[in-house]
Structures are given as C-alpha cells and as structure tokens.
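Enquirer: The structure that follows is given in the form of structure tokens.
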Amino acid sequence: MELVPAKNSGGQKEPGYSGDVKKEITGVLYHESTHVWQWNGNGQAPGGLIEGIADYVRLKAGYAPSHWVQPGQGDRWDRGYEVTAWFLDYLNSLKNGFVAEMNKKMRSGYNANYFVDILGKNVDQLWSEYKAKYGGR
C-alpha cells in the first residue's frame, strides 16, 4: 500500500507518510483492539499502564513502528505507550505471563502492590533495575 502525497489549498504537495501504512494501521488496530478485552482496575489503574499494555500487545505481535523510543528510554514507568510497553516486556522476561497476570488482577481494581504480588519487588525497584540494564537511558 502506498500513500500518495495530497495537494494543499495552494496546490503544493503535502508530505505523505513515509513508512509502511499497512503495518502502521495494523499496529494501531492491535493497540485499540486490546482496549476491548483489557481490564482497567475499575478506573483505578494508571492511564499509562493501560496504554502501555495495549502497546505491549502491539510490540509482541510484531507491529512496533521504527519511531518508538528504544528499550530503557523514558522517565517514568507509567509514561504510557511504548515506554511502558518496553518496561512490561522486560517484566514479562522476568516472569513469563506477567502482563496477563497483571491484567487479570486489574479486573476488580488496581493496587501498586500487584507488582510485589507477582514479581516480589515494588514497581520503583523494578523500574530502577530496568533502567540500570539499559545504562540509565
């Protein structure tokens, strides 16, 4: 699929999307479809965690776009989107099924201690270890 540049009101060409449009749209659909089945802790979970889980699914499906930040980047674990997706990928490497288990726990509410329940460490400690793994980017 190719996106052809449109012309603006002055007749000049507008730049088009230079990436793989089909891959980008598919990735967006994976992200948005995740919101259909994921739990949000009855509205108590951080929004960044909700968006991070959706981008984690996109990442694992193979639709992470090249413009995403690299693993280890970001200033907060709950920044959302790809920052949180990469962090969740790291956590899932510590315990396979972590993200699914976290989602299951968020069915009835949210508590930061879910990280301790699943991985034995609080989220701030896990974030520090994650950042250290990537040289504190």
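The numbers here are math on the coordinates, done by the rules we state, and not lab data. Computed from a predicted structure; not experimentally measured. Backbone-built Cβ (ideal geometry, glycine too); neighbour counts: all protein chains shown.
Enquirer: Using θ = phi - 60° and the Karplus curve 6.51 cos²θ - 1.76 cosθ + 1.60, what whole-Hz ³J(HN,Hα) does each residue of the range 108-116 get, with Gly and Pro shown as x?
Expert: Whole-Hz 3J(HN,Hα) from phi for the range 108-116: 10, x, 9, 8, 4, 6, 4, 4, 5.
Enquirer: Across all directions of projection, what mean area in square nanometres is found for the Cα convex hull of the range 22-135?
Expert: 6.6
Enquirer: Once phi is turned into ³J(HN,Hα) by the Karplus curve 6.51 cos²θ - 1.76 cosθ + 1.60 with θ = phi - 60°, what whole-Hz value does each residue of the range 19-34 show in order, with x for glycine and proline?
Expert: x, 7, 4, 4, 5, 5, 5, 4, x, 5, 5, 4, 4, 5, 5, 4
Enquirer: Please compute the modelled spin-label separation between E32 and D117, points set 7 Å along Cα→Cβ, answer in nm with one decimal.
Expert: 3.2
Enquirer: Still on this structure: Under a point-charge model restricted to the Cβ atoms of Lys and Arg (+1) and Asp and Glu (-1), what is the dipole moment magnitude of the chain relative to its Cα centre, in debye to the nearest 20? Spell out each step's value before the answer.
Expert: Values: 16 positive and 15 negative charges, 30 e Å.
I would put it at about 140 debye.
Enquirer: Now a separate question. Exceeding 25 Å between C-alpha atoms, which entries from my cross-link table qualify? They are K104/K133; K22/K95; K23/K60; K95/K131; K60/K131; K95/K133.
Expert: In this structure, K104/K133; K22/K95 lie more than 25 Å apart at Cα.
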